[in-house]
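Working notes for the structure below.
The values are calculated or read from the model by the stated rules, or taken from the named source; none is laboratory data. Given the structure is predicted, the values throughout are model-derived calculations rather than measurements. Note that we place each Cβ from the backbone using ideal geometry, even for glycine, and neighbour counts take in every protein chain shown. Heavy atoms of the whole protein, side chains included, go into the accessibility calculation; ligands, DNA and RNA do not. Shrake-Rupley method; radii C 1.70, N 1.55, O 1.52, S 1.80 Å.
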Amino acid sequence: MKQEPINLQSALKSDVRTQFAALCFRVVDDKTQVLLITSRGTGRWIIPRGWPMDNKTPSEAALTEAWEEAGVKGKALEATLGLYSYTRTISGEEVPCVAMVYPVKVKSVEDDYPEAGQRDRKWLSPQKAAKRVSEPELARIIKDFDHRKL
């Protein structure tokens, strides 16, 4: 099923509890690598993610986040890999959130991007990346990821 752009109308970011995330990957010597980045607040390892964007599909929003947070240029696939839950602090309040994960095939990684200098980036095997993230559901999505099944 083809994704349609989302129309947020007057929604506020604080009203939305769903985010779209990018599992950025590349294949080197026939081995899959995934890209993790650090969060700006705590420095823990995560994947790029962000709020829905007006007039963009979920996978387009995930690709935009991959660019802004990790400097990734590539192609986002429309089929979601799954979702994971976590809590996020919004205006001092802990809010439950869900992130839908979209695979992004990386064509290039740029050094000059919107959040350069605010995050670290690291390419890892899916097994090693899964051990670095805090969210168990995200770890399972990463560990089970197989680009050949896309």
- For region 90-120, name all the residues that are in a strand (DSSP E or B), touching a residue at least 12 places away in the same chain (Cβ under 8 Å), within 21 Å of Ser134 (Cβ to Cβ) and open to solvent by 80 Å² or more (accessible area, probe 1.4 Å). Pro96
- Taking region 124-135 and keeping residues without any contact (Cβ under 8 Å) to a residue 40 or more places away in the chain and open to solvent by 20 Å² or more (accessible area, probe 1.4 Å) leaves Gln127, Lys128, Lys131
- Query: Of the residues that sit in region 91-122 and are over 23 Å from Lys75 (Cβ atoms) and β-branched (Val, Ile, Thr), which one is modelled with the lowest pLDDT?
  - Reply: Val95
- Item | Whichever residue in region 1-37 is open to solvent by 30 Å² or more (accessible area, probe 1.4 Å) and of a type in the set (Ser, Thr, Tyr) and, among such residues, is modelled with the lowest pLDDT | Ser14
- Only one of these is touching a Cys at 6+ places or on another chain (Cβ under 8 Å) and within 21 Å of Gln19 (Cβ to Cβ): Val133, Val98, Val104. Name it. Val104
- Query: For region 44-80, which residues satisfy the criterion of being touching a residue at least 60 places away in the same chain (Cβ under 8 Å) and either farther than 15 Å from Ile142 by Cβ or not in a strand (DSSP E or B) (or both)?
  - Reply: Arg44, Ile47, Leu77, Glu78, Ala79
- Among the residues of region 53-77, write down those that are modelled with pLDDT of 95 or more and open to solvent by 70 Å² or more (accessible area, probe 1.4 Å). Glu60, Trp67, Lys73, Lys75
- Answer yes if at least one residue in region 123-134 is out of contact with any Gly (no Cβ under 9 Å at 6 or more places or on another chain), modelled with pLDDT under 95 and polar (S, T, N, Q), and no otherwise. no
